[in-house]
1. Determine, yes or no, whether residue 242 is surrounded by fewer than 17 Cβ atoms within 10 Å (Cβ to Cβ) and more than 30 Å from residue 118 (Cβ to Cβ).
2. Return the only residue of 371, 418 being buried (at least 21 other Cβ atoms within 10 Å of the Cβ) and not polar (S, T, N, Q).
3. So residue 39 fits all but one of (1) closer than 30 Å to residue 338 by Cα; (2) at pLDDT 95 or above; (3) buried (at least 20 other Cβ atoms within 10 Å of the Cβ); what number is the exception?
4. Just give me the residues in the range 169-214 being of a type in the set (Ser, Thr, Tyr) and either touching a residue at least 60 places away in the same chain (Cβ under 8 Å) or within 22 Å of residue 3 (Cα to Cα) (or both), in sequence order.
5. Pairs needed: first member in the range 329-347, touching a residue at least 24 places away in the same chain (Cβ under 8 Å) and within 18 Å of residue 16 (Cβ to Cβ); second member anywhere, of a type in the set (Phe, Trp, Tyr) and near the ligand (Cβ under 9 Å from one of its atoms); C-beta distance under 9 Å; at least 6 residues apart or different chains.
6. Given the conditions (1) within 25 Å of the chain's Cα centre (by Cα); (2) outside any helix (DSSP H, G or I); (3) crowded, with 17+ Cβ neighbours inside 10 Å, and given that residue 349 satisfies all but one, which numbered condition is not satisfied?
7. Are there helices (runs of 4 or more DSSP H) fully within the range 148-248 with at least 1 residues that are under 30 Å from residue 264 (Cα atoms) and more than 16 Å from the ligand (Cβ to nearest atom)? List them.
8. Would you be able to say whether some residue in the range 195-202 is more than 28 Å from residue 278 (Cβ to Cβ), out of contact with any Asp or Glu (no Cβ under 6 Å at 6 or more places or on another chain) and among the polar types (S, T, N, Q)?
Amino acid sequence: MSERISVFGTGYLGATHAAGMAELGHEVIGVDVDAAKIERLSRGEVPFFEPGLPELLRRHVESGRLRFTTDAAEAAAFADIHFIGVGTPQVKNGYGADMTYVDAVIETLAPMLDGPAVILGKSTVPVGTAQRLAERVRELAPVGDGAQLGWNPEFLREGFAVEDTLRPDRLVLGVDPANPGRIEEIARRVYAQALERDTPFVVTDLATSELVKVSANAFLATKISFINAVAEVCEATGADVKDLADAIGHDARIGRKFLGAGLGFGGGCLPKDIRAFMARAGELGVDQALTFLREVDTVNMRRRQHVVDLAASEVGGSLNGARVAVLGAAFKPDSDDVRDSPALDVAGTLHLRGAQVRVHDPEAMDNAARIWPTLDFLPTAEDAVREADLVIVATEWKEFRELDPETVGRAVSHKRIIDARNCLPEQAWIDAGWTYRGMGRHSA
Ligand code: UDX
């Protein structure tokens with residue numbers, strides 16, 4: 001059955017969710033305060049890089065099932081199911097999450113709800129937010145109890161956002177048990193196709209649903225920092241973290257995923273979510289429970305410093321004047337997102353330490369140049385490595401994994417490579433005469 005849906009926020013999450021809902025057969029209106037973004041989306045253009053999304057968006061903008069507006073009133077009049085997909089970035093002066101955008105959606109939308117409506121929050125928020133917002137909606141909405149709020153956290157990964165939206169591995173819905181209303185029934189209608197495929201559907205209270213999301217991200221971050229901490233020990237002993245991860249990963253209780261040692265995690269979610277989780281635990285008086293996340297954060301940041309130090313030692317001790325090619329600026333491959341990107345952090349730090357840094361990234365150079373306009377961005381990897389004293393692979397894009405060590409070897413001044421993502425065929429590079437340095441590897 002087709003539902004009338006609005007999605008507030010048209011960033012990575014909101015735009016993908018809006019297009020995904022249209023693909024599931026619903027009629028969708030996307031809302032954003034950014035007029036330029038709305039104009040591009042209305043033309044069927046995605047303002048960021050996400051594989052598969054441009055095709056999906058264009059198809060549904062053309063079919064008329066998906067449209068965009070800056071006018072919240074238009075969305076309130078059109079839809080009776082409203083998703084919130086705006087950002088909750090880290091506040092500038094601390095660890096907490098900035099709730100300005102989520103609050104603004106509620107303050108704008110709720111007073112316009114004069115008929116039965118369900119609001120489903122998708123943004124990652126500090127535990128307790130949904131309860132507060134549910135009460136605010138009841139206060140502000142002319143329809144009163146006819147407007148209900150549930151929480152439906154999103155687990156999409158950049159680069160796989162379309163797949164994760166259309167075929168999620170689980171659905172989670174938080175509902176106030178004292179006031180369940182029609183929220184579950186509505187959510188079941190929205191996600192009917194996934195539920196028919198027996199996608200696990202966890203219905204719980206609001207606080208649990210909020211905690212599910214941050215716990216999932218905190219667990220993933222912990223897994224990555226765990227293996228990076230072990231990588232440090234491997235480096236001190238000549239052991240190999242990749243073999244080690246393969247070996248422990250065969251234990252089904254542990255699993256091999258997210259045991260990729262390297263430059264650590266970045267992006268718009270993991271770093272800020274663990275910090276917001278710690279900040280919220282502090283407010284709740286249970287800060288000790290999450291003290292370990294501070295260590296997770298520290299281990300993670302140490303990886304970036306490690307790569308910079310390794311780079312210095314590879315070029316003879318001082319980075320001053322060294323020509324370094326950094327391949328990768330995005331926080332991970334198949335994304336143009338440079339938010340808290342370890343790759344860009346390394347490139348920028350090398351630059352500040354006096355190196356002549358040349359950067360290439362297949363998709364993220366425009367975004368990277370906005371943050372680091374003083375770095376030298378080159379149109380191809382071949383250009384970036386020319387006459388380099390050192391090459392660093394900082395994001396594991398396929399095109400970097402498949403570089404030919406012989407060809408690259410002819411372009412550089414010195415055949416030295418740091419594989420900061422442990423993503424290259426090590427032996428092929430060594431056979432081609434390169435000094436290869438991995439992370440936590442025999443060759444570290
Ligand atoms: C993450 C969660 O995976 C997703 O479920 C949630 O909805 C949003 O946050 P995303 O930020 O897109 O998604 O990236 P993810 O694939 O989780 O990678 C995060 C970071 O960890 C990247 O910088 C990646 O390079 C790094 N990483 C990942 C590792 O360093 N090692 C690994 O083994 C895996």
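The values are calculated or read from the model by the stated rules, or taken from the named source; none is laboratory data. The model shown is predicted, which means the values in this text are computed figures rather than measured ones. FYI the Cβ positions are ideal-geometry reconstructions off the backbone, even for glycines, and counts take in every protein chain you see.
1. no
2. 418
3. Result: residue 39 passes all but (3).
4. 191, 199, 209
5. Short answer, once both residue conditions are applied: 331/265; 332/265; 334/160; 335/12; 337/12; 337/331; 339/331.
6. Just one mismatch for residue 349, condition (2).
7. By residue number, 206-237.
8. yes
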